[in-house]
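Data block below; observations after.
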Amino acid sequence: MEASDLGLVLIPLLAVAAPLLARGVRPVVRVPIVVFELVLGILVGPAVLGWVEPGPLLEKLSDFGLALLFFVAGTEIDFKMVAGKPLARASAGWLLSVLLGIGLGFFFAPGEGMVVVGIALSSTALGTLMPILRDARELDTPFGRAISTIGAVGEFLPLIAISIFLSTRTTPIATAVLLTFVVLAGLAVLLAHRVPHGRLHRIVLATLHTSDQFGVRFVILLIAALVGLSVMLDLDMLLGAFVAGAVWRIIMTRAPKESAEQIESKIEAIAFGFLVPIFFLYTGVTFDLQALLTSPTALALVPIFLIALLVIRGAAAQLSAPAGMSVRDRAALGLLAATGLPIIVAVTAIGVDQDMLDTGTAAALVGAGMLSVLLYPLIGMTLRGDRAEVVGPARAGEAVQGEL
C-alpha cells in the first residue's frame, strides 16, 4: 500500500487516538486536542516516519476542514454583542498588531515578506479557542465575549488583508474585487435578515431525523456558494466560509431553540468529528520540519515569533479588556488572543507560493503558531481558573461539549 493510500486509514485512526490521548493526560494537564492532532500528523508524515504522504484527496479534505472551522467560527459571533465600542477597540488593536508585525517582519523578511509576517502575527485562532471557551462555559461571560470579539477581528481582518495585499492583482483592482464581494456578501446578510424563515425552519425541523437532512444540506450549499464566490473572485476561500457562518447564524436566530441546537450539533459532528481533525492532522503531515531543523536561523526564529505573538497580540488585546478586569484575567486575555495557527498556515502558504517568504521562515511561523496553540490557552485558562467553581456544576440535561 502506498503512503498516499495508507493515509486514508491512518488519518481516521489518528483522529480517534487524539481525543483518547487528550483525555488520558487530562488528570495531569488539560491539553487541547488540536495539539495531539498536530504532533501525530508530524509523527506519521514525511518529516519522521513517512507513513503518510501529502496527496490531492487529503489536501482537499483538509481544505474543507479549514473552511468548516471558519464557518463554525462565523456562527459563534453574536454581532449585537460585538457591535460598537467592542468592535472598534478590537479593530484598533488589530491595526496596532499588524503594524508592529510588519515592523518586526522587516528584520527577517524585508520586502513583501514582511507583510506576510505582519498578517501572521496579527491573527487569533478563534475557531480553535471557541470550543475551549465553550467547554469552560466562558462564552457568555465578559471574558468570553472579549475573546470572541478579539478573535472575530483577528480572523476576519487578516483575511481582508490577504485578499488586498497578497492578491496576484494590483492593489486597486484587488480592492475593487473585495468590495464586490463585500457588497454581494452584504446582500446575502440583508436577505437573511429580511426574508421570513418560518417555512425554512419548518422544513429543517421536519427533516432533522429523516434521510432528507435538509438543514445540513442547506448549510453545505451555503458554504459552497460563498466559498465558490470567494474563489471565483480570486479571494481567500476562508473569507466566504466565515461570512457563510455569519449568514447561517442570522437565519437560525428566530428558529425554535431545540431545532437550532439539533442542527448545530449535526454541523459540529461533521466539522469536529470528521473534517476539522483532518485539517490539523494534515497540517502536521505537511509541516516542513526538515527546513526548520536544518536551518539554525529558522529554528532560532521559532521562539522569537512565539514571543512576538504574545507581545503583539497580548498588548493589543488589552484595548478590549472589560472594565474592572483583574491583572490575572488581563494576562489570560492576552494569552488567548496570542493563540494563532489557521491564518498563519494559510498566509505562509501563500507567501511561499508567491516567493515572498522562504520555507525556513514559513516553517518558523507555523512552528510558533503550533506552540502558541499548545501553550497559551493552557496557561491562560489556568490563570483564569476553573469556571466550575464559579458557575457551579453542569445542570442536569446540559450538554457537555467535546473539546478541540
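The values are calculated or read from the model by the stated rules, or taken from the named source; none is laboratory data. Here the structure is a predicted model, which means the values were calculated and not measured. Cβ placement follows ideal geometry from the backbone for every residue including glycine, while neighbour counts extend to all protein chains displayed. Areas reflect the complete protein model, heavy atoms only, side chains present, ligands, DNA and RNA absent. Shrake-Rupley method; radii C 1.70, N 1.55, O 1.52, S 1.80 Å.
Annotations
- Put a dot 7 Å past the Cα of Ile203, heading toward its Cβ, do the same for Thr253, and the two dots end up 2.2 nm apart.
- Accessible-area ranking of Thr294, Thr348, largest first, probe 1.4 Å: Thr294, Thr348
- Label-point separation, Phe107 to Asp353 (7 Å along Cα→Cβ), nm: 3.1
- Within the accessible area of the range 271-358, the carbon and sulfur atoms contribute 66%, probe 1.4 Å, all protein chains present.
- Computed helical MRE - 222 nm, the chain, DSSP H runs ≥ 4 contributing -39500 (n - 2.57), nearest 500: -24000 deg cm²/dmol
- Based on protein heavy atoms only, the chain ends up with 45 Å² per residue of surface accessible to a 1.4 Å probe.
- Axial C-alpha extent at least 30 Å, average Kyte-Doolittle at least -0.5 - helices from the chain (DSSP): 3-25, 85-108, 142-165, 171-194, 296-317, 359-384
- Hydrodynamic radius by Kirkwood, which averages 1/r over all alpha carbon pairs of the chain, in angstrom: 21.6
- Selection from Ile77, Gly367, Ala323, by position along the positive dipole direction of the chain (Cβ): Ala323
- You can think of it this way: the chain between Gln290 and Leu43 has 87.7 nm of extra reach, that is 0.36 nm per residue less the Cα-Cα gap.
- Extension gain (nm, one decimal) between Ala92 and Thr180, 0.36 nm per residue minus Cα-Cα: 29.2 nm
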